[in-house]
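A short reminder: the numbers here are calculations on the coordinates, not readings from a lab. As the structure is a computational prediction, the values presented were derived from the model and not from experiment. Note that we place each Cβ from the backbone using ideal geometry, even for glycine, and neighbour counts take in every protein chain shown.
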Amino acid sequence: MLELTQTLNASDRVHHTIEEVLAVGRTEWQHYLFFRSRAHGICIALDGDLQSCSADEGVYHEALVHPAMLTHPAPRRVLIMGGGEGATLREVLRHPTVTEVVMVDLDREFVDLCKEIIPEWADGAWGDPRLELRHEDINTYLEDSPGGFDVVVGDLIDASDAASPAAELYGPEFYARLAAALAPGAVIATQAGPLDPSGSAGHRRVRTSLARTFSRVLSYGLYVPSFTGLWGYALAGSADLLPGRVAERHAFFELRARERKLELDYTGTEALAAAFAPPRALARFLEAGA
């Protein structure tokens, strides 16, 4: 039986049994594996790391997209960095205020594979006229971008390893460059790696990088079963973002979701509000590096 083995930290590894290989190979930029799992449905691994599974990608992508989109009062122009599966795009386009989405994913071949193998993840978003899909380095795009983005969503590969080629895209110099492309009051959301006592150093580096440019940075996390733990995200902006208490955040999210006729079937506004209240010990650890 084939398996995908992934290292979680210095001590632990997880083995994913592969029921069927759907596609495997290498693009110009990365190794890919699409496979079927008995527990998690269709899964995608890039360079040996699990990226998404059909059974719970809705949890991951709702958590990534909607806190930022709901925090902004009227997001119109949205930039997606990465997001090749199409699911981040799907969630962004659910907000009726959106008039334009620029999605920049370097790997055209991988995006084409996702369109072919998992078209249902995008749920028709690839054909939406509001989408401008670009295949280039995000740094190159930002050099010539007209800017004016209300929300930026980072769905790039995990950079928990500081030596990763993607680590620069989570660094302070990159966020300073990104800030020039933002409209006043813009909100940034990014996936930011696992939240656990032994594996949160990468998340803390992301927080620290964001805090060099943005005055408000919040961590939050939701349990994603195929990732075997609490997955972390970061929300950043130049002004106060959310109410401080869970009940107030819930009411805030719920009101805006109702105004936009938005149903969050995988997470819900209450779970998203509570996601910003991590255990105290973890919160102290994260804040110590910001």
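Given the C-alpha atoms of the stretch 66-131, compute the convex hull and give its volume per residue in Å³.
73 Å³
Could you state the number of Å between the C-alpha centres of the stretch 224-290 and the stretch 94-163?
Here the answer is 23 Å between Cα centres.
Which Rg and Dmax, in Å, describe the Cα atoms of the chain?
17.8, 53
Output the antiparallel fraction of DSSP beta bridges having both residues in the stretch 57-287, as a percent to the nearest 5.
Counting only bridges with both partners in the stretch 57-287, antiparallel ones make up about 45 percent.
Where does the charge balance sit around Ala275 when Lys and Arg score +1, Asp and Glu -1, over other residues with C-beta under 11 Å from its C-beta?
-1
Hey, any idea what the orientation-averaged projected area of the convex hull of the stretch 2-53's Cα atoms comes to, in nm²?
3.7 nm²
To make sure I understand, if each residue's beta carbon is the centre and we count other beta carbons within 10 Å, what order do Trp121, Trp231, Trp29 fall in, fewest to most?
Trp29, Trp121, Trp231
Normalised by the number of residues in the stretch 2-53, what is the relative contact order in percent for Cα pairs under 8 Å and 6+ residues apart?
Computed value for the stretch 2-53: 26 percent relative contact order.
Please report the relative contact order for the stretch 115-223, taking Cα pairs under 8 Å with a sequence separation of at least 6, and give it as a percent rounded to a whole number.
Over the stretch 115-223, the number comes to 26 percent.
Per residue of the stretch 91-103, in order, report the coupling 6.51 cos²θ - 1.76 cosθ + 1.60 (Karplus, θ = phi - 60°) as ³J(HN,Hα) in whole Hz, putting x for Gly and Pro.
Here the 3J(HN,Hα) series is 5, 4, 6, 6, 8, x, 6, 6, 10, 8, 10, 9, 10 Hz.
By DSSP, what percent of the beta bridges with both residues in the stretch 53-177 are antiparallel, rounded to the nearest 5?
Approximately 0 percent, going by the DSSP bridge assignments.
Of the chain, which part is the longest with no trypsin sites (Lys or Arg not before Pro) in a loop (DSSP not H, G, I, E, B) and with at most 10 other C-beta atoms within 10 angstrom?
Result for the longest clean stretch: 39-260.
When all C-alpha to C-alpha distances in the stretch 209-268 are sorted into bins of 10 Å, what percent of pairs does each bin hold, rounded to whole numbers?
Bins of 10 Å from zero give 18, 39, 37, 5 percent of pairs.
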